[in-house]
Amino acid sequence: ITIIEGWTLAEIDAMLVAREIAEVGEIAEIVSDPEFRAEFVFLSEIPAGLDIEGFVFPETYRVFADASARDILRKGLLTFEARVYRGLETEIAANDRSLFEIVTIAAILEREVRGLEDKKKVADLIERRLEIGMPLQMDSTVNYVTGKNDPGILLRDRDVESPYNTYKYPGLPVGPISNPGIESIQAVLDPTPNPYLFFLTTPEGEVIYARTNDEHVGNKNRYLR
């Protein structure tokens, strides 16, 4: 069973339903089960009212033919515990942000850029936007609400009402928008300092950075039209 980096719980659910491992709605029922969540101490950091988005570790898992959806989610959470909660315990403890905030930022990186180098740069960019009170304005957070996967969102989508919409609300979204891989989490823990406040990703996947909004608009006109 393969859980892809950057997949959401909805995408994991769709895969398990398609493979006849889960019934429709079963994943939502499992992740809201207090007894299931109590098996994993790190899930206690998730604010009330949110599911476990962000904490199912992306990986290819070997499972028995009769494995249940609960078995697979448990494997994903146990791997997160081993690779992140325990494996990066020292780095997390030294960071100013909570584990939940680290995963929330990593989830954005996973949906926004490819490659560790760019993830580390964008991680620093996000922190500096937060420091100066600048909205994150990440298209990926809007896509999470609308269910789309567009590299450039429509203007009307920016007004969608949701605490995940980082165009409409400053600060971090209310929670993770995907289940990030280890590389994205490491990027948050070890960002690369840089002078940029803006970036875009070309159709070819190249990340173009800018210091000012005017420079960013020029880049959009050059690379996205």
Taking H placed 1.01 Å from N in the peptide plane, check which residues at least 5 places from PHE198 or on another chain put their amide H under 5 Å from its amide H. ALA210
Would you work out the relative contact order for the chain, in percent, from Cα pairs under 8 angstrom that are 6 or more residues apart? 23 percent
With a ≥ b ≥ c from the Cα gyration tensor eigenvalues, square-rooted, and the rule rounded for a/c under 1.5, otherwise prolate when a/b > b/c and oblate otherwise, segment 1-82 is prolate
Angle, helix 69-80 long axis vs. longest principal axis of the chain, Cα atoms, 0 to 90°, nearest 10? 50 degrees
Given Cβ charges of +1 for Lys and Arg and -1 for Asp and Glu, the option among PHE80, PHE36, ALA69 whose Cα lies farthest towards the positive end of the dipole of segment 1-104 is PHE80
May I ask for the distance between the Cα centers of segment 168-225 and segment 82-150, given as a whole number of Å? 10 Å
Does segment 98-146 come out rounded, prolate or oblate by the C-alpha gyration tensor, with a ≥ b ≥ c the root eigenvalues, rounded set by a/c under 1.5 and, if not, prolate when a/b is larger than b/c and oblate if not? rounded
Global geometry of segment 57-196, whether rounded, prolate or oblate, following the gyration tensor of its Cα atoms and the 1.5 cut on a/c: oblate
ALA28 neighbourhood, Cβ < 9 Å, K/R = +1, D/E = -1, net charge -4
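Since every read-out is calculated from the coordinates, none of them should be taken as a lab result. Please read these numbers as outputs of a predicted model, since none were measured by experiment. Cβ coordinates were reconstructed from backbone atoms using ideal geometry, including for glycine residues, and neighbour counts include every protein chain displayed.
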